[in-house]
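None of the figures in this text is laboratory data; all of them are computed from the coordinates on show. Given the structure is predicted, the values throughout are model-derived calculations rather than measurements. Neighbour counts run over all protein chains shown; Cβ positions are idealised from the backbone, glycine included.
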Amino acid sequence: MSFQILTPTAASIIGLKRNPIGIVTEDEGTAVIILNRNEPALYAYYRELAEDAELNTIADERMKDSEFVSVNLDDL
């Protein structure tokens, strides 16, 4: 089966085990595809982690600018 790889970085699982930080930071945060026996293995997992990190950064920035308001659940 053939796959179209749309990422600038591809690495094997063995390469990921040897140098995980180097592979992830190689192209400055762009998507990385991990291949297992020349087939995509972990692309979706790491893409989700990257998206979660972005969303956490946005949430942290918004938390700094907002006020906390006490609310009684019965009032809702």
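Some notes on this structure:
- For GLU54, net neighbour charge (Lys/Arg +1, Asp/Glu -1) across residues whose Cβ lies under 12 Å away: -4
- Listed options for P(r) over Cα pairs in 10 Å bins from 0, in percent are (i) 17, 42, 23, 13, 4, 0; (ii) 16, 35, 20, 12, 11, 5; (iii) 21, 57, 21, 1. The value calculated from this structure is the one marked (ii).
- Each of ARG47, ARG37, ARG18 was scored by other Cβ atoms within 10 Å of its Cβ. Listed from fewest to most, they are ARG37, ARG18, ARG47.
- The label-point distance for GLN4 and GLU26, in a model that sets each label 7 Å from Cα toward Cβ, rounds to 2.2 nm.
- Residue-averaged 222 nm ellipticity for the chain, from DSSP H runs of 4+ at -39500 (n - 2.57), nearest 500: -14000 deg cm²/dmol
- Magnitude of the charge dipole, the chain, Cβ model with Lys/Arg +1 and Asp/Glu -1, debye to 20: 720
- In this rough spin-label picture, where each label sits 7 Å from Cα along the Cβ direction, the ALA41-ASP60 distance is 3.0 nm.
- Residue among GLY15, VAL71, ALA53 farthest towards the positive dipole end of the chain, charges placed on Cβ: GLY15
- Between 0 and 90°, nearest 10: helix 43-65 axis offset from the chain longest Cα axis: 30
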